Protein chains: 2
Amino acid sequence: MDTTIKQSLKEIVGAENFTDSLIDLIAYSKDASEHRHRPDAAVWPVNTGQVSAIMKLASREKLPIVPRGAGTSLAGLAVPEQGGIILDLGRMDKIIDINIEDRLAVVQPGVVYADLDRALSPHGFFFPPDPASGSVCTLGGNVATNAGGIKGAKYGTTKDYVLALEVVLPDGRILHTGSKCMKSVSGYDLTRLFVGSEGTLGVVTEITFKINPKPPLVSTSMANFETLEDAGRAVSEIMYSGIIPSALEVIDQQTLIAINQNTDLNLPEVEALLVAETDGYTREETEFQMAKIVSIFKKNNATTTRQADSKEEAEALWTARKSAYGVLARINNNLIVEDLAVPMSKVPDMLRAISELSKKHNLRIPTVGHAGDGNLHPVICFDGTNADEVKRVEEASAELFEKVIELGGTLTGEHGIGLAKVPFMGLEHDEISMDIMRSIKRLFDPNNILNPRKMGLEE
Amino acid sequence: MDTTIKQSLKEIVGAENFTDSLIDLIAYSKDASEHRHRPDAAVWPVNTGQVSAIMKLASREKLPIVPRGAGTSLAGLAVPEQGGIILDLGRMDKIIDINIEDRLAVVQPGVVYADLDRALSPHGFFFPPDPASGSVCTLGGNVATNAGGIKGAKYGTTKDYVLALEVVLPDGRILHTGSKCMKSVSGYDLTRLFVGSEGTLGVVTEITFKINPKPPLVSTSMANFETLEDAGRAVSEIMYSGIIPSALEVIDQQTLIAINQNTDLNLPEVEALLVAETDGYTREETEFQMAKIVSIFKKNNATTTRQADSKEEAEALWTARKSAYGVLARINNNLIVEDLAVPMSKVPDMLRAISELSKKHNLRIPTVGHAGDGNLHPVICFDGTNADEVKRVEEASAELFEKVIELGGTLTGEHGIGLAKVPFMGLEHDEISMDIMRSIKRLFDPNNILNPRKMGLEE
């Protein structure tokens, strides 16, 4: 990168908010995925005006700009595949307003999810979509990926809570979308176009979220199933029983084995373990719903069911689910946390297919997921220095997503397309759909400077 | 309109699905708003292929196409301001699939809201956004306007339930958006771009909705307030008390007077009456929430509160709210049912401003609304043959929307921009926002054939 460009960047953000040191650029060459590419420089803008000035410079000089939050993407969204400038929004981290009366939180994009949650908690409110990376991920990234989490079936995902955005467009103009009112149908829904657009259309510099009062009580239970089919039937029956659990998580046998080998949790190594949670304002309400769930568990041959009698016991039940990633990350050289969704009734078929792919390609693919909305995370474990294994991973991934589409599923429930799913976009979207998406990209970003190569939008 | 074009239309849909008879065209010159303009012809396509053929013809011949459902728009969305062809989707009225297991309903656009509700009811499920016109309006129209209803504060609006769409584009291509999975972040959210786009970007020919289990129990109560301010404070306190009522409706004094003069309901003619509903799976849950609401009513000087002890009594409480439109329509020559939303804390200010405008312009403007999400409907009553009164209506409307924007509100919470709000678009949206919306319109509809003149998108 030209030194005059670096000089211009320093003038915009100040020398203290610019870096091109090798150590920083190496750190910025990755996110939580397996993708790697080094940027030429990184900046930490501290206000919208600076972001606008950077975008004008990048447009003029045709420089790739990759917006970045905490870099927790599992799909390569934050990796600068074409080099260029990392726009780290981590120093725009102010909670601008919490307005309980109007049910709003206004934040800058660099605010960490957990910090907003902590700020809302004393008011009895919460921001429901809680990704697994909630303790570190930033809300700008949540908006860019339309992040989900374990409460999706009952509370939806990030898109259901974004009311208004301030967005800097690639040409530097500052766009305001949406309304701070609970309801607005004034003009096209530009807000939703930016939510989940993976930083390819504009840079979000301010977000207004709708927030929810948090039901104070929960009930939690866990059940073991000898077969995936029994667990799958239980999930289906719960979802059409008339209630919506606030969480309904599935853990498969390979994950249970890995957890047992690396913890003292001593879980039964059955084909599937389900963890369910219900919430409400009264104990009767959470228990009424949980009684329904437990009876469905039993009807579908759950070998054991345990219901938590205390907050501590509930935490213990969740430990199994929550320990999965940590255990898998610790015992494997490399892992790809996959993300897919299928119609809920297809969850057992999908789990069975994953298990078969695992055998066929001689790979460990433990799987956890949000069964209540059909969103599964097969975790492909491998050794990146073993060329043969890497090849098998690629083959298994391709077959995995063919199966997902065959079952009426989608390539990604909550992680996004990024770089990881680019090869598969054509499986899910036909040429007309791809053409419209590409037209929208060109409309907003005619020079293709914003997060280029992501989402499979290049022709 | 050229007879060869009429002949081509007849060949596409069949003579039985075409009309240019004067009586039909007069009927199609209006919707539920005060706007009028006669089309040149109307067609009732019966499948997507026919819609595609009509769009190709219209694109070639540069003919305006106005998609229409039940014509219940209160903002002129279905009025063919530029003449052309009415595309009545009322004969595409099949419920294609109800899949409780996967939480889906797939419908054609001409299905009436209440018919879907009736089909879901035996399964214990419902489609929450229930517009006041639910017994007649069609779901294609609900999608086109992003329709709301009284359950918005708790259950959101139509956009929160649309998972996937089949859309015929102006050039005749058939686009499939979204996914039938509960969660998907695969590509741009094209679905949401069409929801609320008022038939200006494409013609929706199939809709996949997410559906919800219906909590079986409700509690209902009503309270009278001598002042708007007391009622407003009660609304605010309820909304930050930690619960979300399934409905929280407000009726103002002018509406109460009109209802009393025309029914035997004998309501107290206070400044504001509130009706609240809570729902849940257990009686404890609905009552717990309602007890909170009633105590907030009392704390804020409610002169009387009544809680329904039976389903019949609950119905009686709702009668007051539900009778408002019928009464107002019966006793006035003309009325404009306005639609606006403000942040919830601004509801009393807005009601006070409406009351002052009413006095200033010597007009009756009774107001009802969904207080729980700040969405108000001032009903401007007038005599359309009285030129002076019509002028005062126009002045009052302009001042009304200036006030709405001053309070941080939005031009429309659930009726849309249509023709009615075109003059006010610039109040809410700056030039950058308008420019982006116009670019999107041009991208999808370069010949401006789809519902032209709506939404203020013409330069």
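The values are calculated or read from the model by the stated rules, or taken from the named source; none is laboratory data. What you see is a predicted model; the values in this text were computed from it and never measured. Cβ placement follows ideal geometry from the backbone for every residue including glycine, while neighbour counts extend to all protein chains displayed. Heads up: the accessible areas ignore ligands, DNA and RNA and are worked out on the full protein's heavy atoms, side chains in. Shrake-Rupley method; radii C 1.70, N 1.55, O 1.52, S 1.80 Å.
Miscellaneous remarks
- In units of the rule-of-thumb radius 2.2 N^0.38 Å, the range B:95-213 shows an alpha carbon radius of gyration of 0.98.
- The length gained on full extension between A:LYS62 and A:VAL136, counted as 0.36 nm times the residue separation minus their Cα-Cα distance, comes to 23.5 nm.
- One Cα centroid belongs to the range B:303-330, the other to the range A:217-265; the line between them spans 45 Å.
- Peptide A:79-85 shows a mean partner chain C-beta count of 0 within 10 Å per residue C-beta.
- Estimated FRET transfer efficiency when R0 is 45 angstrom, pair A:GLU226-A:ILE432 (beta carbons, to 0.05): 0.50
- Taking each residue as 0.36 nm, the span from B:GLU101 to B:ASP388 lengthens on full extension beyond its C-alpha to C-alpha distance by 97.4 nm.
- Just so you know, the Rg over Rh for the protein assembly as shown is 0.97, from Cα atoms, with Rh as the Kirkwood radius.
- As a rough guide to protection, the peptides A:412-422, A:208-218 ranked by mean Cβ packing within 10 Å, highest first, stand as A:412-422, A:208-218.
- 10 Å Cβ neighbours from other chains, averaged over peptide A:426-438: 4
- Each peptide in B:303-315, A:176-188 was scored by the mean count of other Cβ atoms within 10 Å over its residues; highest first, the order is A:176-188, B:303-315.
- The Kirkwood hydrodynamic radius of the range B:80-162, based on inverse pair distances between different Cα atoms, is 13.4 Å.
- Amide H contacts of B:THR205 (H built 1.01 Å from N, under 5 Å, at least 5 apart or other chain): B:GLU166, B:VAL167, B:VAL168
- Cα-centred dipole magnitude for the range A:330-434, charges only on beta-carbon of K, R (+1) and D, E (-1), debye, nearest 20: 420
- Helical mean residue ellipticity (222 nm; -39500 (n - 2.57) per DSSP H run of 4+; nearest 500) of chain A: -11000 deg cm²/dmol
- At 1.306 mPa s and 10 °C, Stokes diffusion of chain B via Kirkwood alpha-carbon radius, µm² per second: 69
- Counting protein heavy atoms only, the range A:377-459 has 49 percent of its accessible area on carbon and sulfur, 1.4 angstrom probe.
- With both labels modelled 7 Å from their Cα along Cα-to-Cβ, the B:GLU459 to B:LYS94 distance reads 4.4 nm.
- Highest mean packing first, where packing is the average number of other Cβ atoms within 10 Å per residue, the peptides B:112-121, B:14-23, A:372-381 line up as A:372-381, B:112-121, B:14-23.
- Net lengthening on full extension, B:THR4/B:ASN260 (0.36 nm per residue, minus Cα-Cα): 86.5 nm
- Cα centroid of the range A:6-85 to Cα centroid of the range B:79-147, whole Å: 46
- Span-like helix ranges in chain B, DSSP H, alpha carbon extent 30 angstrom or more, Kyte mean at least -0.5: none
- Proximal charge balance of A:VAL390 [Cβ under 13 Å; K/R count +1, D/E count -1]: -4
- Size of the range B:3-88 as Cα extents on the principal axes (Å, biggest first): 33, 24, 22
- Legend: mean number of C-beta atoms from other chains within 10 angstrom of residue C-beta atoms, peptide B:278-284, equals 5.
- Unit Cα scatterers, Debye sum, the range A:217-325: log10 I(q)/I(0) for q = 0.12, 0.16 Å⁻¹: -0.37, -0.66
- Whole-number percent relative contact order across the range A:80-230, with pairs defined as alpha carbons under 8 Å at least 6 apart: 24
- Remark: the range A:411-424, residue by residue, has Karplus-estimated 3J(HN,Hα) of 4, 7, x, 7, 8, x, 7, x, 8, 4, 9, 3, x, 9 Hz, where x stands for each Gly or Pro and the curve is 6.51 cos²θ - 1.76 cosθ + 1.60 at θ = phi - 60°.
- Using only side-chain charges placed at the Cβ, +1 for Lys and Arg and -1 for Asp and Glu, the dipole size of the protein assembly as shown relative to its Cα centre rounds to 460 debye.
- Unit charges on C-beta of K, R, D, E only; dipole of the range B:217-325, Debye: 140
- Distant-in-sequence amide contacts of A:LEU104, defined by a placed amide H-H separation under 5 Å and a gap of 5 or more residues or a different chain, comprise A:ASN99, A:ILE211.
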